[in-house]
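Here is the structure we will look at, set down as structure tokens.
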Amino acid sequence: MKTVMAALASLTFFVGLLIAPPAQAQKLQQVRIALSTPTPHMAPLYVGKDKKFYEKYGLDVQLILVNSGSLVAQMFASGELQMTANAPASLVNLAATGEKISFFLGLSNTSPFTVVTQPNLRRADDLKGKRIGTARFGGSSHISALIALEHLKLDLKRDKIVLIQTGVDPDRMVALETKAIDAGMLQRVATKVMVGKGYYPLLNMLQAKIPYQNTGLTVKKDYAAANPKVIDGFTRATIEAYGYIFKKENKQAVKEVLARNLRLVNLDAAEDFYLEAQEELDRKPYPSLEGFKVVIKYVAEQNPKAAAVKVEEIVDSSWLKKLDSEGFFEKVYGGK
């Protein structure tokens with residue numbers, strides 16, 4: 001009797017395996033990713049999770065919003081995260097301590113910021129002795145401001161320009177309107193609103209094509225070496241999300257994902273963010289070596305140890321090159 005019962009139990013077990021759906025038969029591997037700022041260029045991650053591209057490759061991707069680049073770096077270093085999706089400045093500081101990291105996919109390979117000024121400030125020289133609003137020092141908008149000033153042939157100390165931490169875009173918009181600042185670093189949608197009110201777009205860094213690595217995906221080298229299937233599957237799923245975003249017939253669905261993740265008031269408000277994603281995302285998101293060198297340069301001004309960080313030791317395009325060599329991009333984008 002015991003033998004018969006054991007046989008029936010085994011049979012039930014195997015039948016259960018046969019009829020179980022794939023998601024139950026295969027346990028998904030969790031990947032925790034920190035996002036320092038919810039922006040349109042995070043769209044591939046939002047879409048990849050929402051449309052279950054990551055699950056297709058056996059991954060349970062958890063997107064965690066952490067509004068501090070330095071805190072992201074701390075969590076990353078402690079092993080609480082498997083990847084980060086944030087501005088690389090804090091990661092350069094982390095690399096300067098000896099941490100071995102790989103920046104393997106560029107979500108935003110140029111600065112999305114525009115230097116928006118008070119209506120009466122229309123030349124570079126007009127910024128001398130003025131106050132410019134950014135987010136946290138060391139973050140993307142802060143470093144973009146430093147790069148913009150150099151591009152405009154201005155110098156903080158010589159020209160007595162003051163950078164002020166005034167929060168995210170909505171905070172900088174209010175600071176401009178109350179004249180708490182003379183200029184602010186604003187992204188596409190905020191720039192459009194303020195220009196509509198008469199404020200002046202002195203320098204659009206995206207249109208100027210100024211080299212800068214704005215944000216991207218980073219993983220520890222030891223984690224990547226121990227989990228190559230995870231990194232490969234994650235990269236493939238992310239590129240498939242890019243493909244989904246670039247297909248015009250998916251516009252409504254992408255806007256819905258953006259509206260939900262950026263917590264917009266309604267779907268109509270997602271239109272400009274959708275256009276920003278289309279404008280800013282690269283079809284082949286290789287990190288920018290030149291742009292990363294610029295980041296290291298400015299981080300080293302605050303942290304001299306960062307000057308020893310070699311961009312070639314951080315930027316790792318091997319995962320994307322593998323997909324490129326096998327024609328994966330052409331497959332995803334339909335040969336275009």
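The values are calculated or read from the model by the stated rules, or taken from the named source; none is laboratory data. Please read all numbers here as calculations on a predicted model, not as lab measurements. Don't worry about glycine lacking a Cβ; one is built from the backbone with ideal geometry, like all the others, and counts go over all protein chains shown. Ligands, DNA and RNA are stripped out before the accessible areas are found, and what is left, the full protein with its side chains, is counted by its heavy atoms. Shrake-Rupley method; radii C 1.70, N 1.55, O 1.52, S 1.80 Å.
Could you give the spread of the C-alpha atoms of the range 126-171 along their three principal axes, from largest to smallest, in whole angstroms?
27, 16, 15
Could you order the peptides 322-332, 58-68 from most to least packed, using the average number of other C-beta atoms within 10 Å per residue? All intermediate terms of the calculation are to be shown ahead of the outcome.
Values: 322-332: 13.6, 58-68: 16.4.
Answer by packing, highest mean first, reads 58-68, 322-332.
Where both partners of a DSSP beta bridge lie in the chain, what percent of those bridges are antiparallel, to the nearest 5?
50
Taking the solvent-accessible surface of protein heavy atoms with a 1.4 Å probe, what is the per residue accessible area of the chain in Å²?
Values: 16280 Å² over 336 residues.
Averaged over the residues of the chain, the accessible area is 48 Å².
Counting only the heavy atoms of the protein chains, how much of residue 116 is accessible to a 1.4 Å probe, in Å² to the nearest 10?
0
Taking the Cα centre of the chain as the origin, how large is its charge dipole in debye, to the nearest 20, when only Lys and Arg (+1) and Asp and Glu (-1) carry charge on their Cβ atoms?
60
Can you name the helices of the chain, as whole DSSP H runs, whose Cα span along the helix axis is 20 Å or more and whose Kyte-Doolittle mean is not below 1.0?
Result, helices passing both filters: 2-19.
For the chain, with a Gaussian network of springs between Cα atoms less than 10 Å apart, report the residue from 242, 212, 57 with the top mean-square fluctuation.
Between 242, 212, 57, it is 57 that shows the largest mean-square fluctuation.
Gap in Å between the Cα centre of the range 277-336 and the Cα centre of the range 80-110?
With the range 80-110 and the range 277-336 each reduced to a Cα centre, they are spaced 11 Å.
Mind running the shape call on the range 184-295? Use the C-alpha gyration tensor, a ≥ b ≥ c as the square roots of the eigenvalues: rounded below 1.5 for a/c, prolate if a/b tops b/c, oblate otherwise. Walk me through the numbers on the way to the answer.
Numbers: a/c = 2.43, a/b = 1.35, b/c = 1.79.
Verdict is oblate for the range 184-295.
Does the range 240-336 classify as rounded, prolate or oblate by the C-alpha gyration tensor (a ≥ b ≥ c root eigenvalues; a/c under 1.5 gives rounded; else a/b over b/c gives prolate, otherwise oblate)?
Oblate, because a/c is 1.5 or more while a/b does not exceed b/c.
Of the accessible area of the range 103-188, with the probe set at 1.4 angstrom, what percent is carbon plus sulfur?
Answer for the range 103-188: carbon and sulfur cover 54 percent of the accessible area.
Please give me the summed charge of the neighbours of residue 149: other residues whose Cβ is under 15 Å from its Cβ, Lys and Arg +1, Asp and Glu -1. Provide the component values of the computation, followed by the final result.
Details: positive: 123, 128, 130, 131, 153, 157, 158, 160, 297; negative: 125, 126, 150, 155, 159, 182, 301.
Result for the local shell: +2.
Give me the dipole magnitude in Debye, nearest 20, for the range 228-336 about the Cα centre, with unit charges on the beta carbon: positive for Lys and Arg, negative for Asp and Glu.
Numbers: 18 positive and 19 negative charges, 55 e Å.
Dipole magnitude for the range 228-336 comes out near 260 debye.
Let me make sure I get this right: for the range 227-267, a, b and c are the square roots of the gyration tensor eigenvalues over alpha carbons, sorted descending. Under 1.5 in a/c it's rounded, otherwise prolate if a/b > b/c, else oblate. Which is it?
oblate
Given Cβ point charges of +1 (Lys, Arg) and -1 (Asp, Glu) and nothing else, what value in debye, to the nearest 20, does the dipole of the range 155-230 about its Cα centre take? List each step's numbers first, then the result.
Working: 12 positive and 7 negative charges, 48 e Å.
Taking the Cα centre of the range 155-230 as origin, the dipole is about 240 debye.
Below 8 Å between Cα atoms, with a sequence gap of 6+, how large is the relative contact order for the range 123-255 in percent?
23
Taking Cα pairs under 8 Å and at least six residues apart, what relative contact order does the chain come out at, in percent?
Relative contact order comes out at 26 percent.
If you take every DSSP beta bridge whose two residues both sit in the range 73-221, what share of them, in percent to the nearest 5, is antiparallel?
The answer is about 75 percent antiparallel.
Give me the percent relative contact order of the range 70-154, please, defined on Cα pairs under 8 angstrom at least 6 residues apart.
Working: 38 pairs, mean separation 23.6, N = 85.
Value for the range 70-154: 28 percent.
Which sequence of 125, 222 reflects their accessible areas, 1.4 Å probe, from the largest down? If you can, show how the numbers build up before the last one.
Details: 125 80, 222 105 Å².
Greatest to least solvent exposure: 222, 125.
Please tell me which of these pairs span more than 20 angstrom C-alpha to C-alpha: 130/153; 52/220; 27/49; 251/321; 130/157? Don't skip to the end; give the middle numbers.
Numbers: 130/153 15 Å; 52/220 24 Å; 27/49 16 Å; 251/321 28 Å; 130/157 12 Å.
From the list (130/153; 52/220; 27/49; 251/321; 130/157), the Cα-Cα distance tops 20 Å for 52/220; 251/321.
Divide by every residue of the chain the summed helix terms, -39500 (n - 2.57) for each DSSP H run of at least 4, and state the resulting mean residue ellipticity at 222 nm, rounded to the nearest 500 deg cm²/dmol.
Working: 18 runs with 164 residues, N = 336.
Rounded to the nearest 500, the figure is -14000 deg cm²/dmol.
Please give the net charge around residue 279, taking every other residue with its beta carbon less than 11 angstrom from that of residue 279, where Lys and Arg add +1 and Asp and Glu add -1. It would help to have the intermediate numbers written out before the result.
Values: positive: 188; negative: 272, 276, 280, 282.
Once all neighbours under 11 Å are counted, the net charge is -3.
Using the Kirkwood radius built from alpha carbon pairs, what does the Stokes-Einstein equation give as D for the chain at 25 °C and 0.890 mPa s, in µm² per second?
My calculation gives 114 µm²/s for D.
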